[in-house]
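Remarks on the structure that follows.
The values are calculated or read from the model by the stated rules, or taken from the named source; none is laboratory data. Nothing here was measured: the structure is a model prediction, and the numbers come from that model. With ideal geometry, Cβ positions are generated from the backbone for all residues, glycine too; neighbour counts draw on all protein chains shown.
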Amino acid sequence: MRKGAVLLIVGIVLSAVLYIAYYCFATAPMAGMLKQPGGGLEWLRREFHLTDAQYARIHQLHDSYAPACARMCEKVTRANARLEEVIRRNDGVTVEVQAAMEESAAVRRECSLAMLAHAYVVSAEMSPDQGQRYLEMIQSRLVEPGLDYDALVSKAGR
Amino acid sequence: MKPDDELKARLRAWSVDPQLPDSFQRAVWQRIAVRQSGRKRLVSGWLEEALSVLLQPRYAAAIGGLMLATSLGLAHLQAQQVNSEHWRVLEARYTASINPEVMSWIER
């Protein structure tokens, strides 16, 4: 009976240790990716099975696209701020509101086109089937942008 | 003296003095104690019996093994769930990094 009790206690302790160890071991790589600044690109490498050479070229393309992307981000922010201000100032769909809305839409269209152009260049660096899959993903984000951005904001801590 | 007055006087004079046997209270408490201890014996006896079976080395080893397998399975499921959530966040992070519109929305 005493031997049995010892066996049972050892079982309980080992189970708890095994649970913690397995959980930490299995989630550590992904948690590491999430913490590092280039986690998004690392995700791209794994999701689309990029070779080192492909990854290097795509990383370069990403870096050269980043400044243009940041400039467009500023343009979108300015256009949206102007649209908000104009909507607040007017009490109907005036010519001014229409102009601000058209400007905002034009900037958004410009952004989508730039993103699509970048996606074509990036997909060309991948193997044909992975490139196709990548383009399908970007296309779905452009057409149906219902991605979990709330989770992104909360995880990134802004 | 009217009959009513007579009845009232008799009722006033009447008193009851019940005499319980000395052992009455003791016997009641004894009966309660016997019943309770019987119930306790039933539960503790069942527990002891179950424990004596479960703590036999072969059963204890089997239970320990089952617990190990369960904890491993649970850890695997939980890790999978957390990893898929992290994967989704990383995908969103990449897509946002090439989409100026989303970047502007995040920076607001």
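Quick notes on this one:
- Whichever residue in the range A:102-136 is hydrophobic (A, V, I, L, M, F, W, C) and surrounded by fewer than 16 Cβ atoms within 10 Å (Cβ to Cβ) and, among such residues, is farthest from residue A:61 (Cα to Cα): A:105
- Filtered by the rule that a residue be under 19 Å from the mean Cα position of the chain (by Cα) and more than 10 Å from chain B (Cβ to nearest Cβ), the range A:62-87 gives A:63, A:64, A:67.
- Test: residue in the range A:35-48 that is over 15 Å from the mean Cα position of the chain (by Cα) and either more than 8 Å from chain B (Cβ to nearest Cβ) or hydrophobic (A, V, I, L, M, F, W, C) (or both): no
- The lone exception for residue B:45 - which of (1) within 14 Å of another protein chain (Cβ to nearest Cβ); (2) surrounded by fewer than 12 Cβ atoms within 10 Å (Cβ to Cβ) it fails: (1)
- Positions within the range B:65-108 being in a loop (DSSP other than H, G, I, E, B) and polar (S, T, N, Q), in sequence order: B:99
- Residue in the range B:22-30 that is exposed (fewer than 10 other Cβ atoms within 10 Å of the Cβ), more than 7 Å from every other protein chain (Cβ to nearest Cβ), modelled with pLDDT of 80 or more and more than 37 Å from the chain's Cα centre (by Cα) present: no
- Residue B:34 being more than 14 Å from chain A (Cβ to nearest Cβ) and farther than 30 Å from residue A:38 by Cα: yes
- Selected residue (only one of B:12, B:58 is in a helix (DSSP H, G or I), more than 9 Å from chain A (Cβ to nearest Cβ) and loosely packed, with under 11 Cβ neighbours inside 10 Å): B:12
- Test: residue in the range A:109-117 that is farther than 30 Å from residue A:46 by Cβ and not aromatic (Phe, Trp, Tyr): yes
- Matching option when the condition is closer than 24 Å to residue B:74 by Cβ and at pLDDT below 90, among A:18, A:7: A:7
- Filtering the range B:82-108 to residues that are more than 7 Å from every other protein chain (Cβ to nearest Cβ) and of a type in the set (Lys, Arg) leaves only B:108.
- Residues located in the range A:1-55, provided they are surrounded by 18 or more Cβ atoms within 10 Å (Cβ to Cβ) and assigned to a loop (DSSP other than H, G, I, E, B): A:48, A:50
- Scanning the range B:61-70 for residues that are closer than 30 Å to residue A:33 by Cβ and either at pLDDT 95 or above or surrounded by fewer than 15 Cβ atoms within 10 Å (Cβ to Cβ) (or both) yields B:69, B:70.
- Boolean, residue B:79 is more than 19 Å from residue A:58 (Cβ to Cβ) and of a type outside the set (Ser, Thr, Tyr): yes
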